[in-house]
1. For Rg and Dmax of the Cα atoms in Å, pick the label among (1) 19.3, 58; (2) 22.7, 71; (3) 25.9, 109 that corresponds to the value derived from the coordinates.
2. Test of understanding: what is the full-extension gain from residue 135 to residue 283, defined as 0.36 nm times their sequence separation minus their Cα-Cα distance?
3. Once R0 is set to 22 Å, what does the formula 1/(1 + (r/R0)^6) return for the Cβ-Cβ distance between residue 241 and residue 191, expressed as a FRET efficiency to the nearest 0.05?
4. Quick one: angle between helix 96-110 and the longest Cα principal axis of the chain, in degrees between 0 and 90, rounded to 10, please.
5. Suppose each label sits 7 Å from its Cα in the direction of the beta carbon; what would the residue 307-residue 175 distance come out to in nanometres?
6. Given the -39500 (n - 2.57) contribution per DSSP H run of 4+ residues, what per-residue ellipticity at 222 nm results for the chain, rounded to the nearest 500 deg cm²/dmol?
7. Using a 7 Å offset from the Cα along the Cα-to-Cβ direction at both residue 207 and residue 267, what is the distance between the two label points in nm, to one decimal?
8. Angle, helix 130-144 long axis vs. longest principal axis of the chain, Cα atoms, 0 to 90°, nearest 10?
């Protein structure tokens with residue numbers, strides 16, 4: 001089993017204490033985003049958790065807990081989003097130089113292969129041009145060279161639920177030729193600094209530029225990290241363009257306090273703030289607690305390691 005923590009919110013930045021409490025308790029309760037009272041009880045037993053994939057824009061608070069995860073034989077890696085957008089877009093993030101230093105510190109602590117840089121999403125406005133992206137990407141690549149092996153890029157999807165926030169940015173339509181222009185320059189910059197580029201859930205084929213379709217939940221990377229091959233299939237719950245393998249997400253929508261205007265996981269500021277007030281570090285739920293109406297199902301958990309006996313012996 002692979003735990004995704006989380007596509008829906010930044011657990012390392014805002015809920016690391018809660019997550020570690022759940023690790024120690026050995027399980028998480030997770031609500032179905034489409035059915036509030038449908039609850040899954042998810043085991044966090046290291047015998048069945050093959051890997052944890054952390055998604056974050058600021059892992060500083062989680063870094064203090066990594067030694068405990070190591071002691072308990074959990075394996076993990078980070079998807080670390082580091083964009084060049086100004087503060088009026090990524091409203092609550094620290095200064096870019098501070099985030100670059102955090103990225104480097106994390107890489108030195110756990111290894112550059114376990115810190116995947118995300119430059120995501122890419123979009124254009126009347127104030128953010130292609131040239132802006134090219135200069136910014138080169139500057140970031142220069143700083144992160146030697147601290148990561150891979151950069152994942154994607155172009156913005158105009159989801160209905162975030163259109164209201166994006167309206168204030170005057171996001172411009174981007175055609176395929178512009179995508180290829182940006183990607184081609186990025187690929188050359190990445191090669192210069194020893195960083196391989198991949199796309200995330202993109203239909204556009206950029207193979208001729210040296211950019212392959214990527215997997216954010218990546219069975220090959222996980223196999224390398226844990227030292228065993230996996231027997232695992234593509235995640236059927238993701239978009240057709242998504243290459244990720246199966247995982248269980250333990251986050252909750254409308255709970256990330258970065259308040260980035262392009263975020264697809266937050267509907268509005270008021271909902272996020274309301275949910276944040278209902279967070280309890282001791283609850284098995286990320287937001288709120290149990291309800292009498294809850295219908296709880298214990299998820300069947302299995303390791304995806306091809307030879308489970310060898311995996312169990314190792315831990």
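Any read-out appearing in this document is the output of simple, stated calculations on the displayed coordinates, not a laboratory observation. This structure is a prediction, so every number in the text was calculated from the model and none was measured. Positions of Cβ are generated from backbone atoms using ideal geometry, with glycine treated the same way; all protein chains shown enter the neighbour counts.
1. It is the value labelled (1).
2. 48.8 nm
3. Efficiency, from the Cβ-Cβ distance: 0.35.
4. The helix 96-110 is inclined about 50 degrees to the chain.
5. A separation of 5.5 nm, rounded to one decimal place.
6. Rounded to the nearest 500, the figure is -9000 deg cm²/dmol.
7. 4.1 nm
8. Around 50 degrees separate the two axes.
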